[in-house]
Amino acid sequence: MFRKYSLEILVFSCGAMMMVFEILGSRVLGPYVGTSTYVWTSLIGVILGSMSIGYALGGQLADEFPSTKPLAYIIMTASAAVLWTALVKDAVPAFITRFGDSVEMKSVMMSVLLFAPASITLGMVTPFAVKLRMVNVTNAGAVAGSLYAVSTVGSIVGTFAAGFFFLPSFGTKNTLIGIAAALLLCSLLLLYKEIGKKTVAVAVLLCLFGWGVRNVNWSPKKNLLADIDTEYSRIWIFGDTDPATKKPVTSLATDPFGTQSSGFTDGDTDLVAEYGKYYDLFRHFSPNAISVLMIGGCAYSYPRYFLDRYPDVSLDVVEIDPDMTEIARQYFGLQDSSQLEILHEDGRIFLNNTTNRYDVILGDAFTSSSAIPFHLTTQEAVQKEYDVLNDGGVVIVNLISSVTGKNGLFARAEYATYRSIFPQVFLFAIGDNGDKIQNVMLVGYKSSLVPSFESSDPALAALLSHRWTAEIAADVSILTDDFAPVEYYKHISLE
């Protein structure tokens, strides 16, 4: 059975491995350059270009050496190339990101160095197999068509297997090593009658290489406590020190260059990140609030703080990643409470379907590149927030942007978008410089009553003093589901 359909099994397997490899690309590059359309364009373009080179080389080699042995060694080379990717998947991006080039150039360079070698060699497999299967020119079309169809079916299987099984079950590095092992096995099965000492030596070296890669753990974070692949993110947990209090903290990051959330290691639920304190503005705008929705849990820093300080207010947290919640339980002291309900769902889908009503909505959903998922930024999403708020309710959203200049395009677009739905919208810039990229807190107020911006509470008064009172330029279009260039605005701010 295997001998009769060995080439079909081979191209099916290599097609599947190729797509698993490509899907993994976004997870490898994501922490360093994000997962925007720029990154996907670079990744897909480089892989398709590399496979095209492989098609041409494979066809030429098949004409010169029409036997299974060269094909087996091509697949062994592909196995080694995948292990190369697994070995340097952090070192290469970390080196490239030191340069000030654009996101496009960085993602292209990373894709070439990490994914071109394996893609070229895997691209050689199917044309080589076509040559070996072909008996005469009269059936050339049927042979080529059937083998490419088998390869495509393998690619389809690999696509679903990568997203639904391999990544959430084994993580990036283990899946890459698994691809390399599967390719090595394919090459050995192809050589089952001709395995000699040299082949065994190469196979042993590849196994040792894979074992070494498995035990290499390059991390951009010091004091690393855990490096976790979830269905949605790569997450680093590490020890750190709060610069303000000098107290030890445990921090969480989804990219190598920043910190998305922190909590004091002594169990103190006070907030480490300054921007989190601005969510307390809900007490000023909606002092009688009894129901709060938070979109984005991350390490649940603010929810833990909230539960300690507002015992009479219910809190629903929508967090898309169940593993993130478990990480918050294990490393950040999140505990169950009758006051707290956690819903593992995409924030926009929750807003689309919920029948709940809230007095307050807090937004803190981010990708690894510090950009809000575009479908939570649009006029349609803002309308959903408005609809689920009670009269007099307030939405407070954390933006990473400046207010003025080219770095403020995103904040001004969001401001215009919220102004198209809410009667009153305000910005609070945490820093003093409007040109600086920082946490900008947007407040949408579902009331026609003009609020006071003074408070007898010193903490609230300090927050209110950061309201942006200068003119906000109306130079950016409203964001919609049809047109929301959030990634472009982020890209402009990084140039």
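Which condition does Leu409 not pass, out of (1) more than 28 Å from Tyr32 (Cβ to Cβ); (2) out of contact with any Gly (no Cβ under 7 Å at 6 or more places or on another chain), if it passes all the others?
Exception for Leu409: condition (1).
What residue, of Gly59, Gly54, is assigned to a helix (DSSP H, G or I), surrounded by fewer than 17 Cβ atoms within 10 Å (Cβ to Cβ) and not charged (D, E, K, R)?
Values: Gly54 fails: surrounded by fewer than 17 Cβ atoms within 10 Å (Cβ to Cβ).
Exactly one of Gly59, Gly54 is assigned to a helix (DSSP H, G or I), surrounded by fewer than 17 Cβ atoms within 10 Å (Cβ to Cβ) and not charged (D, E, K, R), namely Gly59.
Return the residue satisfying two criteria in turn: it lies in region 319-339 and is of a type in the set (S, T, N, Q) and assigned to a helix (DSSP H, G or I), and of such residues it is farthest from Leu351 (Cα to Cα). Reasoning before the result, please.
Taking region 319-339 as the starting set, the residues that turn out to be of a type in the set (S, T, N, Q) are 325, 330, 335, 337-339.
Imposing the further condition that a residue be assigned to a helix (DSSP H, G or I) reduces the set to 325, 330.
On the way: Thr325: 20, Gln330: 28 Å.
Here the residue is Gln330.
Residues of region 405-439 being out of contact with any strand residue (DSSP E or B) (no Cβ under 6 Å at 6 or more places or on another chain), modelled with pLDDT of 95 or more and among the polar types (S, T, N, Q), which ones?
Once the filter is applied, which keeps residues that are out of contact with any strand residue (DSSP E or B) (no Cβ under 6 Å at 6 or more places or on another chain), modelled with pLDDT of 95 or more and among the polar types (S, T, N, Q), region 405-439 yields Thr417, Ser420.
Kindly check whether there is at least one residue in region 358-376 that is within 16 Å of Asp346 (Cβ to Cβ) and in a strand (DSSP E or B).
Yes, region 358-376 has at least one match.
Within region 237-250, is even one residue in the same structural domain as Leu442 (by TED's automatic domain parsing), without any contact (Cβ under 8 Å) to a residue 40 or more places away in the chain and part of a loop (DSSP other than H, G, I, E, B)? Break it down into steps so the answer makes sense when it comes.
Start the filter on region 237-250 by keeping residues that are in the same structural domain as Leu442 (by TED's automatic domain parsing), which leaves none.
Within region 237-250 (the criterion being in the same structural domain as Leu442 (by TED's automatic domain parsing), without any contact (Cβ under 8 Å) to a residue 40 or more places away in the chain and part of a loop (DSSP other than H, G, I, E, B)), the answer is no, since none of the residues qualifies.
Does region 201-209 contain at least one residue that is in contact with a helix residue (DSSP H, G or I) (Cβ under 9 Å, 6 or more places away or on another chain) and on the phi > 0 side of the Ramachandran plot?
Scanning region 201-209, I find no residue that is in contact with a helix residue (DSSP H, G or I) (Cβ under 9 Å, 6 or more places away or on another chain) and on the phi > 0 side of the Ramachandran plot, so the answer is no.
Take the residues in region 388-432 that are charged (D, E, K, R) and assigned to a helix (DSSP H, G or I); name whichever of them is surrounded by the fewest Cβ atoms within 10 Å (Cβ to Cβ). Explain how you work it out, then say what you get.
First pass over region 388-432, keeping only residues charged (D, E, K, R): 391, 406, 412, 414, 419, 432.
Applying the additional criterion that residues be assigned to a helix (DSSP H, G or I) yields 406, 412, 414, 419.
Details: Lys406: 11, Arg412: 22, Glu414: 27, Arg419: 16.
Out of the qualifying residues, it is Lys406.
Could you tell me which residue of region 460-495 is farthest from Asp432 (Cα to Cα), considering only residues that are modelled with pLDDT of 90 or more and among the hydroxyl-bearing types (Ser, Thr, Tyr)?
Checking each candidate, the answer is Thr480.
Residues to consider are Phe65, Phe95; find the one that is within 24 Å of the chain's Cα centre (by Cα), surrounded by fewer than 23 Cβ atoms within 10 Å (Cβ to Cβ) and without any contact (Cβ under 8 Å) to a residue 40 or more places away in the chain. Write out each step before concluding.
Details: Phe65 fails: within 24 Å of the chain's Cα centre (by Cα).
The unique qualifying residue is Phe95.
In this structure, is Phe285 closer than 26 Å to Thr378 by Cβ and at pLDDT 95 or above?
Details: closer than 26 Å to Thr378 by Cβ: yes; at pLDDT 95 or above: yes.
Yes; evaluated as a whole, the condition is true for this residue.
The values are calculated or read from the model by the stated rules, or taken from the named source; none is laboratory data. Please read all numbers here as calculations on a predicted model, not as lab measurements. Cβ: placed from backbone, ideal geometry, glycine included. Neighbour counts: every protein chain shown.
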